Every structure is written in C-alpha cells, then in structure tokens.
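*Asks:* Dropping the structure in here first, questions after.
The values are calculated or read from the model by the stated rules, or taken from the named source; none is laboratory data. Given the structure is predicted, the values throughout are model-derived calculations rather than measurements. Positions of Cβ are backbone-derived with ideal geometry, glycine not excepted, and every protein chain shown enters the neighbour counts.
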Amino acid sequence: MPRFWLVAVAVMLLASMGSVGVGRSTTQAAPSRSAERGWGTIGPQRALSGVLLPGSVVHAQPGPPTPAPNAASQACAATRHKVEPQMAVSGQASRTEHPLREVAQPGADQVLVPDTSPWLGAPLPDPKHTPPPPQGDPRRLTLFRNTTVPVTTGNQIIPAEPSTDQLGRNIFATGNHHAEFSRDNGRIWQGLNPYAIFGPDFCCDQVTVADPQYHLQDWVLQYMPFFNNPGVVGNGHLVLATSPVGDFVNWRPYTIRPSDVGYANDQNNLDYNDLVVGSRYLYLTTRLITFLPDRDYRVNAVVLMRISRADLAAGRPAHYDAITRTDIIEELRVPQGITDIAYAGATSLRTGEGRVLRLLVWPKWSMWVTTVDRLVPPFRYMTPDKPRMKGDCSSRDQIVTNWCSELTSGGVFAARGGGYLWFSWAAQQYGARRPFPYVRITGIQEKDLHVAVSHDLYGLTVAHAYQAIAANAHGDLGLIDAYGGGTGTTDYFPGSMIAIFDNLKFKLASPTVDYFLTGKGNSCIDQPGVSFDGTWGDFLTIRHWHAGGDVWLATAFARKDNTPNICTEPVQLTIKNVVFGWKSDRRFYERAVRP
C-alpha cells in the first residue's frame with residue numbers, strides 16, 4: 001500500500017498524538033521528557049506477547065509452466081509510495097480510484113546545508129560511460145544468472161515492488177500484484193494468484209524470504225477491505241504463510257491483525273511490510289493506518305514483531321512478541337543478517353530530519369527494547385509533503401519525468417555483516433555536488449553502536465533511489481537501486497543498477513557498478529491532468545547468497561515502452577531476477593544450483 005498517501009498524514013498525526021505518547025507501546029510507561037523534545041533517547045519499552053493460530057494448509061492452484069523469455073541463456077558468461085489498483089481477474093476485486101492524501105501540517109526542520117564533503121565519496125560514472133574492468137580481473141562484477149520473470153497470474157502495474165529469495169535451485173518471487181516460483185533455477189516458472197489463495201480483500205505489499213535452517217519459505221501478503229468497500233476504514237490484516245522450500249503450492253497461513261499489537265481491528269489496517277530471519281525469530285515490520293471517510297488516511301504507529309521460527313516450521317501456534325512506536329513517521333527496518341540481537345533503524349523522527357538515525361535494540365533473550373540515537377552527516381530530508389523537500393529525478397529536458405516524486409528519506413534499508421550494521425536511505429538533491437537525489441549509506445559498529453563510516457552513492461547525470469542492500473560475513477555490501485534522469489540531450493528512463501562495495505568499512509569505497517537493466521519508459525502518474533510527476537514504487541530487493549561468497553540475489557523492474565500510463569492501468573514491464581558477484585566467486589553460485 002502506497003506510502004505516497006501516508007507521509008503527509010503521518011506528520012500531522014504525530015504532531016497531535018499527545019494522548020498516545022511518543023514512542024509508547026501498548027505496555028510501555030510514558031516516555032521521558034527528553035524524548036518529547038525531539039532527539040532524546042526514549043526509555044526502555046516492554047514488548048507485549050501473544051500467539052498466532054495456524055490455519056489449515058491451503059493448496060494453491062499454480063498457473064501453467066512458462067519458460068522464462070531468456071531461458072536458453074540463463075547462465076550468463078562471465079546478467080511508500082504506492083497506490084495499486086487492480087485489473088479484474090478471477091478472485092480479485094477491482095479498484096478504480098486512489099485515496100487522497102491529507103495535506104501535511106508544518107513538520108520538523110530540514111537540514112538546509114547537507115554534508116557533501118569529498119570524504120563521502122566520488123560520483124558514480126555515467127551509465128553510458130562506465131569503463132569495464134579487465135576481462136581477467138578476478139574481482140570483475142559478473143552476472144551469473146540474468147532471468148526475465150514471466151508474469152502469468154495477477155497483474156503488472158507500477159509500482160511493481162518485487163521481492164524474492166532462493167535456496168538451491170528453488171526461487172520464489174513476488175510483486176505487488178503477482179507471485180511466481182521456479183524449481184529449476186529460473187528456466188521454467190509457474191504463477192500463483194495472490195487474489196485467490198487466502199481469501200478476499202488482497203491488496204499488495206508482498207514480501208518473501210527463505211529460512212535456510214528450517215528449509216521454509218515465508219510469504220507475507222496484505223489485505224484491506226477498504227478497496228472493496230471504501231466505507232470500511234479498518235479491519236485490514238496480514239497473512240503470513242509458510243511452505244517447504246520447493247513446494248510452493250501448499251501453504252499454512254497465519255493471520256496477523258491490529259488487535260494482536262493492541263489496536264482496534266475496526267479502525268486499523270497493517271501496511272508496508274518486511275521480513276527478516278534472525279537466529280530464533282522471524283522479524284516483521286509493518287505500520288498501522290486508518291482510512292478516513294473522505295478517502296484520506298492517517299498513520300497511527302509502526303510495528304516491530306518477532307515470531308518463533310520453530311513454531312512456524314512445526315505448523316503449530318506461533319508465539320510472538322511485539323512493540324508499537326509513534327515517534328517514527330515512516331518506516332522501521334531490521335537489517336538482513338541479524339542473529340541474536342535484532343536492531344531496527346529509522347530516519348523519520350518528529351524532529352531532526354536529516355541529522356539523526358534512531359536505532360532500536362532488542363536481544364532475543366529479552367522482552368525489553370532500548371532506543372539509541374546517533375548523529376549522522378547532515379543530509380536534506382526528502383518528502384513529497386512540501387515542495388521545498390521534494391525529490392526531482394527528471395531529466396533536465398523533461399523527457400524523463402520525475403519518477404521519484406513520491407520518494408521519502410524515511411524509506412530505510414538495512415543489512416548486517418562484518419561487525420557492522422549498515423543503513424541506507426535516499427536524500428534530496430542539492431546544488432552542483434548532488435544535482436539529483438542520491439543514496440546515503442551509514443555503517444554503525446555493532447560493538448558500541450557508534451557511527452563508523454558514511455558514503456554517498458550519487459551521480460552527476462542521473463538520480464539513484466529505491467536502493468536495497470545486503471552484506472556478507474566480511475561486511476562487503478551488495479546493492480541494487482533504480483537510476484534515471486539525464487542532462488543535456490542524454491536521457492535515461494528509470495532502470496536498475498547493481499553494485500558491490502568492497503571494504504566499505506575501511507573507507508576505501510568506490511563501488512564496482514553495472515547498469516544492467518535499461519528502462520524504456522517513464523513511471524506512471526497518479527491522476528491524469530493533475531500532475532506530471534511520476535510514481536515508481538517503494539522498494540527493490542536484494543539477498544546475500546545463502547551459499548556464501550561475494551554473491552547476491554536481486555530483483556528489479558523497468559518499463560518496456562513509453563506509452564503514457566496511469567497508475568491504475570496495467571503496463572508492460574521487464575521484471576528481472578538476477579544473481580551476481582565477483583567473477584572469482586562463481587563457484588559459490590554454481591555449487592548451489594547444481595542439479
């Protein structure tokens with residue numbers, strides 16, 4: 001569900017929620033006065049607990065086997081802001097118009113002069129002028145698999161927001177409105193219709209992750225009655241479904257409702273979800289929102305929940321612990337790769353936008369969550385709520401429209417590896433040094449939670465946004481993002497870039513990059529005749545390769561043509577599911593996918 005309706009309401013709501021309390025969970029005492037002043041550390045909060053009951057196993061009817069368009073060349077040598085209406089298909093409700101966004105009240109101060117020091121990194125090369133490394137270089141960035149996913153069920157609509165994971169030869173991949181799986185490393189695919197499997201009111205925001213210890217595929221889907229009946233302001237829920245990896249058609253569902261975290265079901269929905277596997281728990285982040293009678297909505301809180309992996313694997317009632325927070329107005333993100341201690345990061349605080357990274361710390365043996373604030377090099381916080389804080393990813397000749405007009409710096413992505421916690425987010429353009437929106441990456445030393453390094457991923461000819469990161473055990477980072485824009489007479493429609501940061505923690509960063517997916521069309525626009533600004537989506541996905549090495553799995557999308565497109569209409573997309581890494585680490589890939 002689209003962040004682009006939510007940001008404006010969130011600022012207004014949090015400015016007026018004194019009765020709820022900043023950073024309070026349903027079982028927490030009132031926060032300290034320093035927290036109400038803005039940057040003070042909120043006191044410890046105790047999680048509430050409960051049990052999620054399993055449903056009966058559901059047998060999903062898959063679509064016909066479909067070869068990937070490039071199946072003959074799978075093995076390559078050496079390749080919230082969303083409103084997602086749906087086309088009418090079997091078991092699917094139609095949605096014909098977008099909810100409106102409330103006008104935001106004045107919010108927190110934005111950093112006016114960001115840090116653009118040289119120590120934050122050199123600009124990335126232009127997409128058309130990226131010199132390749134020597135062919136014999138063992139550190140050459142190489143695409144081991146470059147698959148185009150055929151979508152046979154559901155719909156292709158922008159925002160596409162793809163998610164994926166892979167164990168061995170088994171791949172599960174989702175988008176906002178479709179789901180596919182492959183049991184042979186991406187040669188043949190079958191689709192699942194998310195509108196028809198787990199009941200009515202499916203909306204969007206699917207995420208999937210594999211649990212290698214239990215050989216289990218976890219899949220979360222979002223349901224909102226509002227889109228079938230706009231008079232229903234709440235009663236939304238999530239379905240967390242599990243299936244043995246490689247099965248993909250028999251799923252055991254668990255239903256998660258607002259009441260499971262202490263909020264009224266009839267007034268709330270759960271929105272914008274993520275899953276991360278820890279040593280004992282599966283971690284879910286989401287948000288509580290309420291639709292309003294005039295088709296606006298508001299954000300009530302963010303949620304951090306941990307669910308017993310052992311219970312999910314056994315198909316029994318699953319114990320969970322959870323907290324809710326109202327001091328964060330956008331997203332809360334748990335780093336991929338956590339083990340015994342869960343961390344969650346956010347940049348979207350009530351005050352201090354562009355200055356503070358807030359961390360939540362939650363050991364697996366504790367019911368208490370602590371909060372730590374860390375100052376980061378200043379950046380210009382980006383949000384569509386105010387013209388002066390809006391991102392601009394358009395080309396200078398306006399051939400490429402502003403595909404990131406709904407982007408916010410609150411969309412944090414995170415990873416853990418090499419003794420560091422890595423957090424990344426988008427920042428607003430600024431002057432000649434940062435002429436387009438760009439990506440900030442900050443590394444936190446896990447041993448003392450001090451800021452160790454920051455790096456800006458930026459271009460002088462294109463914007464970089466919607467990044468996702470994953471780390472290996474040494475702390476090397478794999479990244480995927482969307483890029484687009486252009487200067488002079490050179491235009492770049494939104495496409496996708498992959499990158500590897502080697503030894504970023506030692507401040508030796510200059511990533512190796514590959515602009516592997518070229519776009520051929522603009523983003524969709526929210527409403528015809530209202531704005532030419534475009535919407536691209538909230539996220540892409542990357543996972544570190546479960547078999548190890550400097551190898552990553554990632555997914556992205558781009559348009560196939562430039563036909564004008566409203567976000568309520570289907571569109572022709574190229575959806576990529578790729579594995580990449582250093583050429584010297586190809587053995588980690590080949591060993592894992594060997595028949």
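*Asks:* Of the conditions (1) modelled with pLDDT under 95; (2) of a type outside the set (A, V, I, L, M, F, W, C); (3) part of a loop (DSSP other than H, G, I, E, B), residue 394 clears all except one; give me its number.
*Replies:* Status for residue 394: all satisfied but (1).
*Asks:* Filter the range 445-496 down to the residues that are farther than 26 Å from residue 575 by Cβ and among the small types (Gly, Ala, Ser) and list them by number.
*Replies:* Result: 452, 454, 473, 475, 488.
*Asks:* Picking from 374, 316, which residue would you name as being of a type in the set (D, E, K, R) and within 23 Å of the chain's Cα centre (by Cα)? Write out each step before concluding.
*Replies:* Numbers: 316 fails: within 23 Å of the chain's Cα centre (by Cα).
Answer to the check: 374.
*Asks:* Separate question: Hey, can you tell me all the residues within the range 574-584 that are surrounded by fewer than 22 Cβ atoms within 10 Å (Cβ to Cβ) and in a strand (DSSP E or B)?
*Replies:* Scanning the range 574-584 gives 574, 582.
*Asks:* Residue check, residue 493 against (1) over 23 Å from residue 276 (Cα atoms); (2) modelled with pLDDT of 95 or more; (3) of a type outside the set (Lys, Arg); (4) surrounded by fewer than 22 Cβ atoms within 10 Å (Cβ to Cβ), all met but one. Which one?
*Replies:* (4)
*Asks:* Every residue in the range 32-67 that is among the aliphatic types (A, V, I, L, M), at pLDDT below 90 and in contact with a helix residue (DSSP H, G or I) (Cβ under 8 Å, 6 or more places away or on another chain), please.
*Replies:* Result: 42, single match.
*Asks:* Follow-up. Does the range 271-289 contain at least one residue that is touching a Cys at 6+ places or on another chain (Cβ under 9 Å), surrounded by 20 or more Cβ atoms within 10 Å (Cβ to Cβ) and modelled with pLDDT under 95? Talk me through it step by step, then tell me what you get.
*Replies:* Keep residues of the range 271-289 that are touching a Cys at 6+ places or on another chain (Cβ under 9 Å), which gives 271.
Subset that is surrounded by 20 or more Cβ atoms within 10 Å (Cβ to Cβ): 271.
In the following step, the residues that additionally are modelled with pLDDT under 95 were identified as 271.
Yes, the range 271-289 has at least one match.
*Asks:* Among the residues of the range 88-104, is there at least one that is surrounded by 18 or more Cβ atoms within 10 Å (Cβ to Cβ), outside any strand (DSSP E or B) and modelled with pLDDT of 95 or more?
*Replies:* no
*Asks:* Also, quick follow-up: State which residue is farthest from the chain's Cα centre (by Cα) when the search covers only the range 420-465 and only residues that are within 22 Å of residue 346 (Cβ to Cβ) and of a type in the set (Gly, Ala, Ser).
*Replies:* This residue is 452.
*Asks:* Hey, can you tell me all the residues within the range 319-355 that are over 19 Å from the mean Cα position of the chain (by Cα) and more than 24 Å from residue 381 (Cβ to Cβ)?
*Replies:* Hits for the range 319-355 are 319, 320, 321, 322, 323, 339, 340, 341.
*Asks:* A further question on this structure: Quick one: what pairs do we get from the range 127-138, first residue within 29 Å of residue 485 (Cβ to Cβ), second basic (Lys, Arg), C-beta under 6 Å, 6+ apart or different chains?
*Replies:* 133/140
*Asks:* Within the range 499-517, take every residue that is modelled with pLDDT under 95 and of a type in the set (Phe, Trp, Tyr) and give me the one that is farthest from residue 130 (Cα to Cα).
*Replies:* The extreme case among them is 506.
*Asks:* Output the number of the condition that residue 593 fails; it satisfies all remaining conditions of (1) at pLDDT 95 or above; (2) closer than 24 Å to residue 335 by Cα; (3) not basic (Lys, Arg).
*Replies:* Result: residue 593 fails condition (2) only.
*Asks:* Evaluate the range 292-306: report whether one residue or more is in a helix (DSSP H, G or I), surrounded by fewer than 23 Cβ atoms within 10 Å (Cβ to Cβ) and among the charged types (D, E, K, R).
*Replies:* no
*Asks:* Output the residues belonging to the range 540-558 that are among the charged types (D, E, K, R) and at pLDDT 95 or above.
*Replies:* Scanning the range 540-558 gives a single hit, 543.
*Asks:* Might you let me know whether the range 518-527 holds any residue that is among the β-branched types (Val, Ile, Thr), assigned to a loop (DSSP other than H, G, I, E, B) and either at pLDDT 90 or above or closer than 27 Å to residue 133 by Cβ (or both)?
*Replies:* There is at least one residue in the range 518-527 that is among the β-branched types (Val, Ile, Thr), assigned to a loop (DSSP other than H, G, I, E, B) and either at pLDDT 90 or above or closer than 27 Å to residue 133 by Cβ (or both).
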